[in-house]
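The values are calculated or read from the model by the stated rules, or taken from the named source; none is laboratory data. None of the values given here were measured: they were computed from a predicted structure. Counting neighbours? That spans all protein chains shown, and the Cβs are built from the backbone with ideal geometry, glycine included. Surface accessibility is based on the protein's heavy atoms, side chains included, excluding ligands, DNA and RNA. Shrake-Rupley method; radii C 1.70, N 1.55, O 1.52, S 1.80 Å.
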Amino acid sequence: MLFQKYMETKTCWVLTLGIPGMDNQSLGVAEALGMKVVKKFIQPRAPWKHLPAQLWPAPLRLLGAQSDPLHPPWPDVVIGTGRLTTAVAAAIRKASGGKTFTVKIQDPKMAHDAFDLIVTPRHDRCVGANVLHTHGGLHAITQQRLADAKQKFAPLLAHLPRPLVAVMMGGTNKCYNVDAAVAHALADKFITLSKNYGAGIVVTPSRRTGAEVETVMRQRLAEIPSLVWDGAGDNPYLGFLALADYIVVTADSVNMVSEACFTGKPVYVAELAGGSAKFRRFHKTMNEAGMTRPFTGELQQWTYPPLNETEMVAAEIKRRMALMHKAFVAP
């Protein structure tokens, strides 16, 4: 209790890049720490942003004009996710004389001793004394946020039958291709679900889904009880997670699969052509842990402890900080 009170007096900088999938990982951990959270937007300049972090000669001076100022007093904790935060996070730790507890989320691809804690998914195969492994990606979803979203979006879905199947639709990336043919194949399975199980289908596209894929899904699912979010108004993503009985996530997103598994509900992964060794290791890990199953067009019930790794990471940060401040360690 004494140490938690101590933490509430401290400040945590979150290095943000304007990329929600990355920023939310850092923000989720920062909020779980219970500190005062300060977002610091950074915009690394060329050519440095294209080079490995260890080649940046003066990271704190290589930021664009749109970046937030980074200067003393240095924070008690700094957290950054992704390649472009690596050099900056390490530079802040060095500038603070090692007083800023520095957390790097994702493999930094540089010397581990530049950070106090490195948090990476197991499928990254990053190992070291200060490396903490997770099953998947971190996030800022909490039970309270799900409860709030459930209440807010319940009227929107009240007309749909149960069971309710939420589809978290990703899109094309460097490993997978999501096109009209993929959309048609998925739509066939969702239509079958509706006919065989009386299911209602709700779909939330992502920024990567694309207009062509959205159009196919909207046109094909019009013949069954369904709702495909059209992008208007507040994003119902959390509401769909909270209200669903089953969740289907396309295989292209580690973050969306991880967020879906936070609910403890049956999570199906819709396989896609392509992939990579890392993605295959990730999906194998989640499947073997009993959290996900391949989507075949059928529905089954199973349970597992909700995946709450953001809290786990925050607890480990607190533990390590407590060891640095032995006055707060119980005898």
Arg293 and Thr9 label points (each 7 Å along its Cα→Cβ direction) are spaced in nm at 5.3
Tell me the label-point distance for the pair Lys174, Leu51, using the 7 Å Cα-to-Cβ offset, in nm and rounded to one decimal. 2.0
Solvent exposure, largest accessible area first (probe 1.4 Å, DNA, RNA and ligands not counted), of Arg220, Arg145: Arg145, Arg220
Could you tell me what percent of the accessible area of the chain is made up of carbon and sulfur, with a 1.4 Å probe and every protein chain present? 55
Scoring the chain by relative contact order with C-alpha pairs under 8 Å, at least six apart, yields a percentage of 16
If you rank Cys175, Cys126 by how much accessible surface each has, with a 1.4 Å probe, what is the order from largest down? Cys175, Cys126
Under a 1.4 Å probe, what is the accessible area of segment 1-71 per residue, stated in Å²? 53
How many nm is it between the label spots at Gln143 and His159, if each spot is 7 Å from the Cα in line with the beta carbon? 3.4
Suppose R0 equals 22 Å; then what is the FRET efficiency for Asn196 and Glu271 from their Cβ-Cβ distance, rounded to the nearest 0.05? 0.65
For segment 280-317 and segment 148-216, what is the centre-to-centre distance using only Cα atoms, to the nearest Å? 20
For segment 159-170, Karplus-derived ³J(HN,Hα) couplings (6.51, -1.76, 1.60; θ = phi - 60°; whole Hz; x for glycine and proline) come out as 7, 8, x, 9, x, 9, 10, 9, 10, 9, 8, x
Among Thr11, Thr192, Asn173 - extreme Cα towards positive end, dipole of the chain, charges at beta-carbon: Thr11
Treating only the Cβ of Lys, Arg, Asp and Glu as charged (+1, +1, -1, -1), what charge dipole size does the chain show about its Cα centre? Round to the nearest 20 debye. 1000
Where Thr192, Thr263 fall by accessible area, highest first, once all protein chains stay in place (1.4 Å): Thr192, Thr263
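Mind checking the full-extension length gain between Arg320 and Glu223? Use 0.36 nm per residue of separation minus the Cα-Cα distance, one decimal, nm.
So the extension gain works out to 29.4 nm.
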Once amide H atoms are placed 1.01 Å from N in the peptide plane, what residues at a sequence separation of 5 or more from Tyr176, or on another chain, have their amide H within under 5 Å of its amide H? Gly275
For segment 245-319, listing chymotrypsin sites (Phe, Trp or Tyr not before Pro) in a DSSP loop whose Cβ sees at most 11 other Cβ atoms within 10 Å gives Trp302
Largest-first principal axis extents, alpha carbons of the chain, Å: 64, 49, 37
With all protein chains in place and a 1.4 Å probe, Lys195 shows an accessible area in Å² (nearest 10) of 150
What FRET efficiency, computed as 1/(1 + (r/R0)^6) with R0 = 22 Å and r the Cβ-Cβ distance, is obtained for Gln66 and Met312, rounded to the nearest 0.05? 0.05
So how much slack lies between Arg122 and Ala95, counting 0.36 nm per residue of separation and subtracting their Cα-Cα distance, in nm? 6.7 nm
Linear extension gain, Ala129 paired with Glu212, 0.36 nm per residue minus alpha-carbon span: 25.2 nm
Pick from Gly297, Gly97, Gly34: which residue has the top mean-square fluctuation in a GNM of the chain where Cα pairs under 10 Å get a spring? Gly97
For Met312, what accessible area in Å² do you get when you roll a 1.4 Å probe over the heavy atoms of the protein chains, rounding to the nearest 10? 70
